[in-house]
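The structure appears right after this line, and notes come after that.
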Amino acid sequence: MGATEKIANWIVSTDYEDIPPDAIRVANESCFDLLGVILAGSTQPVADIIQQYVADQGGMDEATVLASGQRSTSSQAALANGTMGHALDYDDFGGFGHPTVAIFPALMALGEKTGATGRDLLEAYVVGCEVGLALQHYTKYNQMEKGFHATAVIGHIACTAACAKLLGLDEHQTTMALGMAGSMAGGLIHNFGTMTKPLHAGLVCRDGITAAQLAQRGLTSGENIIEHPLGFARTVLGPGIYDLEDMSDNLGKPFRVQDALMIKKYPCCGGNHSMLDSLFSLMREHDFTYDDVVSAEVAQPYLSIVMMYGEPDTGLQGKFSSQYAVAAALVDGEMGIDTFTDEKVRETAMKETMQKVNQRVVSKAEELSVDFDQGIPVKITLKDGRVLEHSTTRQNILGSQQNPWGFDNIKAKFEVNAALALGRERIAETVDTWSDITQVQNVSEAIQRTLVS
């Protein structure tokens with residue numbers, strides 16, 4: 001069997017009972033977290049646009065747009081919910097960009113149409129996520145170096161795999177769906193800091209459903225989309241930088257979900273998080289504010305090229321600015337959804353403090369000699385002459401599996417996010433229903449009872 005056939009075989013043959021309990025637990029936490037993030041994202045400007053677009057398309061009454069209750073086709077509801085789930089850049093990350101927002105909104109929409117249970121969703125989610133993690137793990141290529149957004153590129157394969165699993169496609173149908181997904185893959189980093197970045201996630205979710213449903217109806221594609229010389233791996237990932245045998249033979253050996261996913265504490269690019277953890281740690285320990293700071297020096301790895309806005313003009317751009325993230329942390333002493341508004345970015349105190357922040361990007365050549373296990377330090381020079389430094393590795397940011405946030409904090413984040421769309425009187429029932437997704441007996445009924453305002 002070729003790599004594509006092996007992957008399709010694994011998707012079809014892997015069942016809930018094959019998945020380690022820790023993988024189910026972590027998947028449940030990430031999917032629960034995402035539901036709250038979608039609800040909060042439904043209040044953002046991009047949500048108004050995408051919901052109106054979906055309404056204008058019309059279509060069958062199959063699935064729900066959160067939290068408005070608007071009904072549309074499964075693929076269109078997934079487009080809206082996926083876009084809103086990434087609107088704040090507050091969804092989880094790790095592995096291939098933002099795995100959960102690239103998969104779970106599609107499964108929610110399909111689950112409504114098919115009468116799925118929460119357990120069905122988590123089974124399909126882990127299967128799809130593992131396929132995406134394998135594609136990323138067994139390549140030496142980092143999507144960002146070419147300007148690709150991994151969530152949009154690898155996410156298309158992962159989401160399609162998950163949708164194929166939820167629909168119960170056979171091996172041939174799954175192979176056809178993956179072939180279509182390979183031709184759908186795309187998404188450019190140039191669009192970070194705009195509404196198109198969250199649209200990437202929405203398009204992935206829409207296309208994953210489309211590919212699986214078309215394959216179910218008999219539409220064909222190439223049979224070797226992963227390994228063909230003109231297929232996904234060589235064309236998209238790049239020649240000579242992946243191991244097809246490992247990629248396809250070692251799925252689930254071991255499962256990676258329980259190690260890869262990271263819950264976000266801050267609603268901004270994950271490239272900021274280790275830096276922010278370090279900065280807040282220094283501020284707590286040494287009790288200083290932006291008025292006390294002469295300068296702040298931060299370093300970013302070569303592939304943190306997504307931190308592209310030295311002087312952001314909008315809240316969306318601020319999510320991809322180390323200078324703004326540091327300034328906001330120093331000025332406000334905290335960070336939340338309201339940190340990243342157009343008005344906030346333009347405040348005088350923010351602009352003045354940004355001038356104190358120096359970002360150094362480690363060169364590609366220098367990265368070869370940098371020990372990233374030790375992290376890259378944040379250095380603060382204070383007016384009283386003290387120089388403070390702290391490092392946090394990406395693997396140990398708060399919310400990673402090595403430094404978990406804890407379910408109580410995930411629940412608290414959910415409650416704050418959900419209250420923006422549902423009102424606090426609905427939160428307790430929503431948490432009771434969705435905090436353990438395996439207990440959801442009917443996805444459609446649970447959504448109408450809890451996630452619609």
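Throughout, read-outs are computed from the coordinates displayed, never taken from laboratory work. Everything numeric here is computed off the predicted structure, so don't read it as measured data. Cβ: placed from backbone, ideal geometry, glycine included. Neighbour counts: every protein chain shown.
Measuring between alpha carbons in the structure, the pairs from Lys165/Lys413; Lys6/Lys197; Lys344/Lys379; Lys113/Lys319; Lys146/Lys197 lying more than 28 angstrom apart are Lys165/Lys413; Lys6/Lys197; Lys113/Lys319. Near Val357, the amide H atoms lying under 5 Å from its own belong to Ala296; only residues 5 or more places off or on other chains count, and H is placed 1.01 Å from N.
For segment 312-347, GluC sites (Glu not before Pro) are listed when DSSP marks them as loop and at most 15 other Cβ atoms sit within 10 Å of their Cβ; the list is Glu334, Glu347.
Ranked by the mean number of other Cβ atoms within 10 Å of their residues, highest first, the peptides 48-57, 227-236 fall in the order 227-236, 48-57.
Fraction of C-alpha pairs exceeding 22 angstrom in segment 183-263: 49 percent, rounded to a whole number.
For a straight C-alpha distance cut-off of 17 angstrom, the aspartates and glutamates reachable from Lys264 (same-chain residues fewer than eight places away being disregarded) are Glu29, Asp33, Asp89, Asp91, Asp92, Asp277, Glu334, Asp338, Asp408, Glu415. The charge dipole of the chain, taken about its Cα centre with unit charges on the Cβ atoms of Lys, Arg (+1), Asp and Glu (-1) only, comes to about 640 debye. Nearest 5 is fine: what % of DSSP beta bridges in the chain come out antiparallel, could you say? If we restrict to bridges inside the chain, about 70 percent are antiparallel. Within segment 270-394, DSSP assigns beta bridges of which about 60% are antiparallel (rounded to the nearest 5).
Sequence-distant contacts, meaning Cα pairs under 8 Å at least 6 residues apart, place the relative contact order of the chain at 21 percent.
So what is the relative contact order for segment 385-453, in percent, with contacts set as C-alpha pairs under 8 Å and at least six apart? For segment 385-453, the relative contact order is 21 percent.
Matching the structure-derived mean projected area of the Cα convex hull in nm² against the labelled list [x] 20.3; [y] 21.5; [z] 28.6 gives the label [x].
In segment 270-394, Cα pairs under 8 Å separated by at least six residues give a relative contact order of 37 percent. Check Leu188: other-chain or 5+ apart residues with amide H under 5 Å from its amide H, H built from backbone geometry? For Leu188, the qualifying residues are His149. Seen from Asp313, the other residues with C-beta closer than 14 Å to its C-beta sum to a net charge of 0, counting Lys and Arg as +1 and Asp and Glu as -1.
When the square roots of the Cα gyration tensor eigenvalues are ordered a ≥ b ≥ c, the ratio a/c for segment 202-243 is 1.5 or more and a/b does not exceed b/c, which makes its shape oblate. In this rough spin-label picture, where each label sits 7 Å from Cα along the Cβ direction, the Asp384-Asp56 distance is 5.8 nm.
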